[in-house]
Amino acid sequence: SQVFAISIIFISSVLPISFLQSQLAKRELYIYHTTKSIFQILIFAILIPLFGIWGAIVARLVSDLFNFIFLTRITKIT
């Protein structure tokens, strides 16, 4: 649970999503949600069979990091 608590760092991704929703940027929201889901499925499918519960934790952290970086790029917040 201590390692998983690192994912709290990426809570700030709520602001860019709210920004996209307020701007009615449907295309960007579709791209974000589709890419996020595909990446998360792939990373879980790779890491869970290899490392078990640790793979799930690392996959979640990597997925959150990827989502945060991708979201800041798609909203052009740097």
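The values are calculated or read from the model by the stated rules, or taken from the named source; none is laboratory data. Nothing here was measured: the structure is a model prediction, and the numbers come from that model. Positions of Cβ are generated from backbone atoms using ideal geometry, with glycine treated the same way; all protein chains shown enter the neighbour counts. We work out accessible area using only protein heavy atoms, side chains counted, and drop any ligands, DNA or RNA first. Shrake-Rupley method; radii C 1.70, N 1.55, O 1.52, S 1.80 Å.
Say we look at the range 62-73 and pick out the residues that are within 15 Å of Ile38 (Cβ to Cβ) and open to solvent by 30 Å² or more (accessible area, probe 1.4 Å); which of these is modelled with the lowest pLDDT?
This residue is Phe70.
In the range 51-61, how many residues are open to solvent by 80 Å² or more (accessible area, probe 1.4 Å) and free of Cβ contacts under 8 Å to residues at least 24 places away in the same chain?
Filtering the range 51-61 for residues open to solvent by 80 Å² or more (accessible area, probe 1.4 Å) gives 51, 53-54, 60.
If we keep only those that are free of Cβ contacts under 8 Å to residues at least 24 places away in the same chain too, we end up with 51, 53-54.
Within the range 51-61, residues that are open to solvent by 80 Å² or more (accessible area, probe 1.4 Å) and free of Cβ contacts under 8 Å to residues at least 24 places away in the same chain number 3.
Could you count how many residues in the range 13-26 are part of a helix (DSSP H, G or I) and open to solvent by 100 Å² or more (accessible area, probe 1.4 Å)? Step through it out loud before you land on a result.
Initially, the range 13-26 is screened for residues part of a helix (DSSP H, G or I), giving 13-22, 26.
Filter once more, so that each one left must be open to solvent by 100 Å² or more (accessible area, probe 1.4 Å): 15, 21, 26.
Qualifying residue count for the region: 3.
For the range 27-50, state whether one or more residues are open to solvent by 50 Å² or more (accessible area, probe 1.4 Å), modelled with pLDDT under 90, farther than 27 Å from Val3 by Cα and not in a helix (DSSP H, G or I).
Scanning the range 27-50 turns up no residue that is open to solvent by 50 Å² or more (accessible area, probe 1.4 Å), modelled with pLDDT under 90, farther than 27 Å from Val3 by Cα and not in a helix (DSSP H, G or I).
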